[in-house]
Amino acid sequence: MATEIKAPTFPESVAEGSVAAWHKKAGDSVERDELIVEIETDKVVLEVMAPEAGTLAEVLVEEGETVESEQVLGRIGEGKAAGGKAEKSAKADAKAEKADAKAEPAAEGKRHEVKAPTFPESIQEGTVASWNKQVGEAVKRDEVLAEIETDKVVLEVVAPADGALAEIKAEEGSQVESEAVLALFAEGAGGDVATAADKTPAASADDGASDEKVGDKILAPAARKLVAEHDLDVGAIQGTGKGGRILKEDVQKAVKDGSAKKAAKPAAGGAAKSAAAAPVVEGERPEKRVPMSRLRQTIAKRLVQAQQSAAMLTTYNEVDMGAVMDLRAQYKDAFLKTHDVKLGFMGFFVKAASEALKRFPDVNASIDGTDIVYHGYQDIGVAVSTDRGLVVPVLRDTDSMKIADVEKGIVDFGKRARDGKLGIDEMQGGTFTITNGGIFGSLMSTPIINPPQTAILGMHKIQERPMAVNGKVEIRPMMYLAVSYDHRMIDGKDAVQFLVTIKELLEDPSRLLLDI
């Protein structure tokens, strides 16, 4: 019985894609989870893995053709490709010939143009931030060659095959447009590639051509991707595939069990590297002029636009954080043990804001020209500071999230934001934003609205202050809260009551559980 190969489910913002490349031809044998076809959308390139082992019986959509979400691309039949043992024998003979000729230098094979990714419509151009490989340096397929910085995200450009860069056409710092040619790439070039290939034992003919060998472990492409995302120790993962091959399911199990985490690396080297990277400016009155990054330019433009286009007003209040702090102190160890993430303050604020947004839908709305758009869901953006600037990834449907889910999401966003790994779709579509200047020591500030949203909540430093409690003076841990809002949309009464609701929910966290 034939198995259908379907395109992935595209995000809502992606209507269609095009078949960029088939890695197998009709009649070729494929293994389960082997990369079989790539689909290019206006935002990302999606990999389609073989759902079952067998033979690619039929290709229904050719390279370059447009496809929709979950469209059938081809079919896999049972059994191996025609030729069976004869084909295996031919492959074995070819490998033997390679082994005999390994003393000869590797010849350059097919040449490819290394192009910039297809930028989304909202991005006109990017800057070549860095080249991770130099001309002639051996690289493996899918290894990162260069990074392109746009005004929203950093995009990675990967090697199309094993080989080496033959020529770099766009140097670091140069401006490039969507799909511009960055370099020329030669398959099989680079002395290190040939040497490594000769030293690595050949995989069996049944193994996928895209498999990667790490030590004595063989990884399927989907597994390799997950290992890189979670930074796992491959040696600690037990493969259940043919010949001990590590499949996607094996990596997922290791992630869930936490059995393949790498040991923490010493920080001394990183500190030394950072110190070495610091620019040295000579003279008694030194100055240094550097171009503003694209992300910083975009932040500046959006902040000025927000102040010029919105009737922005800020209201303040203060919250006694004693109840939340007591709750954290009581359950932080059990929370960490159960959910494998620390219990912070942001989870409480996100849940309190979600509840307050339901009660005051105007604060959760956005302005589109002369229209008001009311959102029947709460997507809260959380401002994250990085070396490149401030980014605001979005937590979706926060009303249905648990506090543990919120904390995990924020930790993940923070790590990937600092590594420049956030996707464009993860920073679009929020209905409300929370920013926390308190982690840097800010006692009070006026946050700026993130258009087209109509409000933003600012958190600040927790400061012990003398407060009047039941007629007596007590020292309490207090935090100033600020809500900036667009007065065109939100009346002062609603803004104040919204902030008071958050204050009441935080001062009595049981209200979050009882929905009162």
Worksheet item: What number of residues within the range 132-150 are within 21 Å of the chain's Cα centre (by Cα) and either surrounded by fewer than 20 Cβ atoms within 10 Å (Cβ to Cβ) or not in a strand (DSSP E or B) (or both)?
Response: 8
Worksheet, complete the sentence: Only one of (1) buried (at least 19 other Cβ atoms within 10 Å of the Cβ); (2) farther than 30 Å from residue 329 by Cβ does not apply to residue 482, and that is (2)
Item to complete: Tell me which of these residue 365 doesn't satisfy, since it passes every other one: (1) among the small types (Gly, Ala, Ser); (2) within 21 Å of residue 486 (Cβ to Cβ); (3) in contact with a Leu (Cβ under 9 Å, 6 or more places away or on another chain).
Response: (3)
Item to complete: Of the numbered conditions (1) farther than 27 Å from residue 501 by Cα; (2) in contact (Cβ under 8 Å) with a residue 60 or more places away in the chain; (3) not aliphatic (A, V, I, L, M), residue 342 fails exactly one; give the number of that condition.
Response: (1)
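Being in a strand (DSSP E or B) and either at positive phi or at pLDDT 85 or above (or both) is the filter here, so list the residues in the range 1-18 that pass it.
Residues of the range 1-18 that are in a strand (DSSP E or B), as a first pass: 3-6, 16-18.
Residues satisfying the conditions are 3, 4, 5, 6.
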Response to the item:
Filtering the range 151-176 for residues that are over 22 Å from residue 389 (Cβ atoms) and within 22 Å of the chain's Cα centre (by Cα) leaves a count of 3
Response to the item:
Reported set for the range 365-421 where residues are within 23 Å of residue 439 (Cα to Cα) and of a type in the set (Gly, Ala, Ser) is 381, 383, 385, 389, 404, 409, 414, 417, 420
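Considering every residue within the range 366-386, establish whether at least one is surrounded by fewer than 17 Cβ atoms within 10 Å (Cβ to Cβ) and over 30 Å from residue 496 (Cα atoms).
Within the range 366-386 (the criterion being surrounded by fewer than 17 Cβ atoms within 10 Å (Cβ to Cβ) and over 30 Å from residue 496 (Cα atoms)), the answer is yes, since at least one residue qualifies.
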Worksheet item: Considering the range 438-493 alone, what residues qualify as being touching a residue at least 60 places away in the same chain (Cβ under 8 Å), under 34 Å from the mean Cα position of the chain (by Cα) and not in a strand (DSSP E or B)?
Response: 444, 446, 447, 448, 449, 450, 451, 452, 454, 489, 490
Discussion item. Of the conditions (1) touching a strand residue (DSSP E or B) at 6+ places or on another chain (Cβ under 9 Å); (2) over 29 Å from residue 371 (Cβ atoms), residue 492 satisfies every one except a single condition; which number is it?
Written reply: (2)
Fill in: Out of 121, 68, sole residue that is under 26 Å from the mean Cα position of the chain (by Cα), modelled with pLDDT of 85 or more and surrounded by fewer than 17 Cβ atoms within 10 Å (Cβ to Cβ)
68
Worksheet item: Of all residues in the range 54-76, how many are assigned to a loop (DSSP other than H, G, I, E, B) and in contact (Cβ under 8 Å) with a residue 24 or more places away in the chain?
Response: 8
Worksheet item: Only one residue in 30, 45, 59 is modelled with pLDDT of 85 or more, within 26 Å of residue 115 (Cβ to Cβ) and not assigned by TED's automatic domain parsing to the domain that holds residue 249. Which one?
Response: 59
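The values are calculated or read from the model by the stated rules, or taken from the named source; none is laboratory data. Please read all numbers here as calculations on a predicted model, not as lab measurements. Glycine gets a Cβ as well: all are built from the backbone with ideal geometry, and neighbour counts include every protein chain shown.
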